[in-house]
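The values are calculated or read from the model by the stated rules, or taken from the named source; none is laboratory data. These numbers were taken from a predicted model, which means no experiment stands behind them. Here the Cβ positions follow ideal geometry from the backbone for every residue, glycine too, while neighbour counts run over all protein chains shown. Please note that ligands, DNA and RNA were not included when accessible areas were found on the heavy atoms of the full protein model with its side chains. Shrake-Rupley method; radii C 1.70, N 1.55, O 1.52, S 1.80 Å.
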Amino acid sequence: MRWITVVHPEGSRYFVNQETRTCTEMNICDEEICGDIEDYMRYFLRALESVSEGRGLDMEQVDLVLEPKKALDDSVVCWYYFVNHRDRCLFWLDEFDTEKLLDNCKGVESLSHIQLAIQAQYWKHWDYFPSLCLATQNLVDEVKDMLAHAACDHLTSRRSSAAYDLIQLRDCMSVVDSIRVYPLADQSMQRCHPAIIIGRIMYTFSHARFMNFHGENCARLAFGQTVHGWAYTPSLFMIVLAPLLFLDPVTHVKELHNIFTDRMVCKPRWDAYGSKLRGQLQDSNLMATVLLNANVGFLAINTVDRGGRSAIQMASYMSLVTSLGSIVLGLFFVSQDRTCGQNTAAEIRSFLSRLHDERHGLEKLAIIYSLPKALLMWGMVFFCAAFSIDWWSSGDTTSKAVVGTVTLVVFVMMSNVIMRTSEEGNSLCRGTLEMLSHLAAAWKQSLDLIGIKRAQRDVDNEQGVDLAPIGAEE
C-alpha cells in the first residue's frame, strides 16, 4: 500500500494512506511497525464496512487514525479512532470511556452534551492531521460568522461567555480573512495551513460550548454564572481578617470566583485581572516608598527623637515596618509575574485549583493579594497616629482646635465622597454588614457550643457524685 510522508507546518511528521484515508504518527519505515499498522488498518476497515451496512455511512468521508503500542507483556495494542467529516464527530467500534474527554467538567449527563466534547476533539483532529481535511469556502464563512457574533457579544455585553476576548477576536478575524481557499483539484497534501487555522479556532469555540453547557437546561449564559449552584461561604478566618484588611479581600474573592467559576478558568479575564493587579502593586509600591521616606524624615525631627520610646516613635516605627512589608510583597508579586510570563489556561487552572476550597473558594488567594494594599493602609494609619499624637501633645489650645477641626472635616469629606461616588463604597458597606452578620452568627454558634459542653460537664459531675457513695458502701 502507498504511504505518503507529510510534515506538519509545526515540524512533526506523520504518514498518510490516501487510498484508505488512514493516518498514523508511527514510523512506518520500520517493517514490523508497518506490518502491524496495515494489519490493524484492514481489520478496522472491514469491521466498519460490516457494521455500517444500511446506515448510509459514506466511507469517503471517514478517516482512520492508528497508533499501535506495545503492552507490558510485549503484546501489541492498537489505539485508534474514526473521523466522520459529514457529522463532525469521532467514533469507535468498541465501547469507549468518555471520561477523559469531559475535561473534568462536572454534571455531564446528556448525550447531546457529550457530543459537544467529541465535536471539540474532531476539530483538534484538524489541527493534528490536516492533510485529509477539506477547507471549503462555506466553512470559512461559518468561522467568520462565529467570530463576528462573538465580537458583537463582547461589545454589547460586559459579561459575555463567548470564547476569546475582543482583541483576540479581531486578530482571529484578520487571520481568517487572509485564508485562501483553493479548488479541490489544487489542494495538495502539503497545503494544509487553512485546515489548521480553522481547526484551532473551531476547537476553541466547540470546547467553550461544551464547558458552558451549550444547548442544555442549565446553560451558562453569562461570564461568572455557575451551573452547579455553588455558593461561596466565608470562613471565620475571613470574617475576622477582612475588616482588618479594609475589606479588600471581599473585592478580590468576588473577582477571583468570577474568573474561576465551576473550576473553569477564563484566561482572558485572568489576564485582565493580573494586569489590573500589577498596576495596583506598582502604585502601592510607589506610595509605600514615599511613606517610608516620610517616616524616616519624621523620626529625624528633634522633638520626635528624644532618645526614648514614646508613643510617637512606636507609631512611626510600625508605619515604617508595614510600608516596608508592602514594598517587599509588591516587589515579590511583580517579579514573580514577570518571571513566569504568560501562563497557559491549564497552568492557571492548576494554580487556582491548589488554592481552591470546596466551601470557601479562593479566599486564601484573595487575602494574599490584598496584603500589599492593606499593609500600606495600616502604614498610613500609623503615620497619621504618630503625627496626631505629636501635634496634640505639644500644641496649644488654638492649634489643637484648628488642626483637629481641619482633620475632622477632611475625614468627613473623604468618607462622603467614597461612599457616594463609587460603587465600591456601597459594596464596602454591604460587605461590612455581611461580615458583621457572619461574625455575630459565628459568635452565637461558639457560645452555644460552649454552653452544650458546659452542660455535659455538669451532667458528668453529677453522675460522678451519685456513684461514689454506692462504690463506698460496697
#### Entry: Amide H within-cut-off set for Leu362, under 5 Å, with H built and near neighbours excluded
Asp357
#### Entry: Heavy-atom accessible area order for Glu109, Glu99, Glu363, largest first, 1.4 Å probe
Glu109, Glu99, Glu363
#### Entry: Sparse-neighbourhood loop sites, chymotrypsin sites (Phe, Trp or Tyr not before Pro) in the stretch 70-135 - DSSP loop, at most 14 other Cβ within 10 angstrom
Trp92, Phe96
### Query
Taking only C-alpha pairs under 8 Å that are 6+ residues apart, what is the relative contact order of the stretch 138-209 in percent?
37
### Task
Restrict the search to the stretch 326-407; then list the trypsin sites (Lys or Arg not before Pro) that DSSP places in a loop and that have at most 12 other Cβ atoms within 10 Å of their Cβ.
Arg359
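Beyond 27 Å between alpha-carbons counts as too far, so tell me which of Lys267/Lys373; Lys69/Lys267; Lys70/Lys124; Lys267/Lys364 fall in that bin. Each step should come with its number before you reach the end.
On the way: Lys267/Lys373 25 Å; Lys69/Lys267 35 Å; Lys70/Lys124 25 Å; Lys267/Lys364 20 Å.
In this structure, Lys69/Lys267 lie more than 27 Å apart at Cα.
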### Task
Determine the distance separating the Cα centre of the stretch 6-48 from the Cα centre of the stretch 145-220; give it in Å without decimals.
30
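Which of the chymotrypsin sites (Phe, Trp or Tyr not before Pro) found in the stretch 199-293 are loop residues per DSSP with 11 or fewer other Cβ atoms within 10 Å of their Cβ?
Numbers: sites: Tyr203, Phe205, Phe210, Phe213, Phe223, Trp230, Tyr232, Phe237, Phe246, Phe260, Trp270, Tyr273; in loops: Phe213, Phe223, Trp230, Tyr232, Phe246.
Listed in order of number, the matching sites amount to none.
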### Summary
Here, Val381 and Thr397, labelled 7 Å along Cα→Cβ, have an inter-label distance in nm of 3.3
### Query
Round to a whole number: what % of the accessible area of the stretch 85-206 belongs to carbon and sulfur, probe 1.4 Å?
51
